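The values are calculated or read from the model by the stated rules, or taken from the named source; none is laboratory data. The shown structure was predicted, so the numbers you read here are calculated from the model rather than taken from an experiment. All Cβ positions, even for glycine, are placed from backbone atoms using ideal geometry, and neighbour counts span all protein chains on display.
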Amino acid sequence: MRNIIMEFTFLILLNTYGVSDSITFKMTNAQCISHNKSWVRINECRLKAINRNKVVFNFNATLFYPTPDIRVTYRYFKRENGYKPFLINIEIDSCRFLRKPYNFVGVMIWNFFRNFTNANHTCPMSGDLLVKNMFLTIEPFKGLPWPSGDYLFATSWKFYRKPQFDVNISFQFIEDFV
């Protein structure tokens, strides 16, 4: 019930707020951790600065076994004397989601990765999982009253309900009103 209320609130906010022209929105750190190296090997997890305002994320992991049961937990944290939970904490059945998107927040997050990943087919997943030259744009957040500050986007990937790897991306969102 709480997720339905949050999704409805997001839809209302999307229609009521505009986007400022002076926004800095860039990634500042990436950290990837494999909990089970016999299932997942992380080959690359890095940020690359293209210019002062654009940073791209590259990720390459090898899944050694076909996996038909993948669940991903998405969490946002805001930095205020340490990272504090902020607004979003959901778990999505990725196999079901790739067949038919069923969650508004999941669709918003998927819109960041869709054009940069090879994970665009249904399960079972195996082989290389790639995210190549992904950069942040304001479009998925368009219209949301997002406070300026430092954030952490944490994902936890589970195969057969057991943690396999985590991908944590820190980013900065600054809206300059001057």
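Results, tabulated for the structure shown:
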| quantity | calculated |
| --- | --- |
| Inter-residue pairs, beta-carbon under 9 Å, first part of a loop (DSSP other than H, G, I, E, B) and crowded, with 18+ Cβ neighbours inside 10 Å and in the range 92-111, second at pLDDT below 90 and of a type in the set (Asp, Glu), 6+ apart | Asn103/Glu7 |
| Residues located in the range 54-80, provided they are in contact with a Ser or Thr (Cβ under 8 Å, 6 or more places away or on another chain), more than 20 Å from Pro101 (Cα to Cα) and buried (at least 17 other Cβ atoms within 10 Å of the Cβ) | Val55, Ala61, Leu63 |
| Any hit, the range 36-44, residues being within 14 Å of the chain's Cα centre (by Cα) and at pLDDT 90 or above | no |
| Where a residue in the range 47-75 is closer than 15 Å to Val167 by Cβ and its partner, wherever it lies, is of a type in the set (A, V, I, L, M) and outside any strand (DSSP E or B), with Cβ under 6 Å and at least six apart | Tyr74/Ile109 |
| One residue from Leu152, Leu136, Leu130 being at pLDDT below 90, surrounded by 14 or more Cβ atoms within 10 Å (Cβ to Cβ) and not charged (D, E, K, R) | Leu136 |
